[in-house]
Amino acid sequence: MSDLKYQLAMERRLERRQRRREEYRRGLRPMAIAAWNITKEHNVGSLVRTAHAAAAEEVVLVGEREWNLEAARTSELYTTVTQLSDAAAFRRYREEKGWDLVAVELDARAVNLFDVEYPERPCFLLGAEIGGIPADLLDEAKLVVQIPQWGLVPSLNLAVAGSIVLYDFLGKRHRSGRLNRPDGGLAAQPPAGYDVDHTE
């Protein structure tokens with residue numbers, strides 16, 4: 001392939017990708033998922049992939065650790081991933097975005113996942129594989145959720161836990177009649193000039 005043909009092909013590919021990203025973002029759900037100082041890179045990639053599938057507005061990573069793009073399987077091209085340095089930056093960012101902090105943690109204050117009623121704009125925070133969520137962030141949470149378990153090992157893989165709470169939030173919205181496109185798919189084309197980039 002000549003340089004010109006290659007360049008034109010790449011331009012068309014980028015245009016298609018941008019068009020698909022805009023179509024996808026019209027149907028984002030009012031939720032985010034955050035991960036605190038994750039040690040296992042592939043967990044973050046898997047979490048980004050799930051957030052993309054569920055049409056979460058964004059994934060927020062708190063801490064300096066890198067993450068594994070391979071596990072995301074190109075989801076990172078369409079889903080916003082924001083990386084913040086520490087708890088203070090995370091706190092400021094949540095306030096700016098209007099997210100309600102929902103911690104997913106084994107804690108005496110936790111509400112059983114099956115009984116929980118979520119705030120309208122939850123940001124689900126998952127803790128590090130070792131050490132969990134810091135106490136000060138737990139104290140700031142509007143809600144602490146515990147996923148019930150019956151096994152002898154009282155923990156779930158971080159990416160699995162994130163997937164459960166995202167889909168539980170969507171399921172409860174669906175049962176209350178507040179979830180469009182429950183069978184999946186992109187949002188319908190909006191009228192010309194109408195911007196619904198961050199609506200459900």
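The values are calculated or read from the model by the stated rules, or taken from the named source; none is laboratory data. Everything numeric in this text was worked out from a predicted model, so none of it was measured. Every residue, glycine as well, gets a Cβ built from its backbone with ideal geometry; the counts of neighbours run over all protein chains shown.
Quick look at the numbers
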| read-out | value |
| --- | --- |
| Residue count, the range 1-45 (criterion: among the charged types (D, E, K, R) and not in a helix (DSSP H, G or I)) | 3 |
| First in the range 140-154 and charged (D, E, K, R), second anywhere and modelled with pLDDT of 95 or more, Cβ under 8 Å, 6 or more apart | Glu140/Arg91; Glu140/Leu101; Lys142/Asp100; Lys142/Leu101; Lys142/Val102; Lys142/Pro119 |
| Criterion violated by Phe114 - all others in (1) of a type outside the set (Asp, Glu); (2) in contact with a strand residue (DSSP E or B) (Cβ under 9 Å, 6 or more places away or on another chain); (3) at pLDDT 95 or above satisfied | (2) |
| All positions within the range 97-123 that are within 11 Å of Gln146 (Cα to Cα), touching a Gly at 6+ places or on another chain (Cβ under 8 Å) and part of a loop (DSSP other than H, G, I, E, B) | Glu105, Leu106 |
| Filter pass, Ala32 being touching a residue at least 40 places away in the same chain (Cβ under 8 Å), aliphatic (A, V, I, L, M) and more than 18 Å from Leu158 (Cα to Cα) | no |
| In the range 1-39, residue surrounded by the fewest Cβ atoms within 10 Å (Cβ to Cβ) [restricted to those that are out of contact with any Leu (no Cβ under 8 Å at 6 or more places or on another chain), among the hydrophobic types (A, V, I, L, M, F, W, C) and within 15 Å of Thr80 (Cβ to Cβ)] | Leu28 |
| Residue ID - farthest from the chain's Cα centre (by Cα), chosen from residues in the range 86-128 that are of a type in the set (Asp, Glu) and surrounded by fewer than 14 Cβ atoms within 10 Å (Cβ to Cβ) | Asp115 |
| Counted residues, the range 85-108 - those being more than 15 Å from Gly63 (Cα to Cα) and among the aliphatic types (A, V, I, L, M) | 6 |
| Residue that is nearest to the chain's Cα centre (by Cα) [pool: residues in the range 43-67 that are more than 15 Å from Thr82 (Cα to Cα) and free of Cβ contacts under 8 Å to residues at least 40 places away in the same chain] | Ala55 |
| Residue identified as hydroxyl-bearing (Ser, Thr, Tyr) and part of a loop (DSSP other than H, G, I, E, B) among Ser155, Ser163 | Ser155 |
| Residues that are of a type in the set (Ser, Thr, Tyr) and under 13 Å from the mean Cα position of the chain (by Cα), drawn from the range 160-177 | Ser163, Tyr167 |
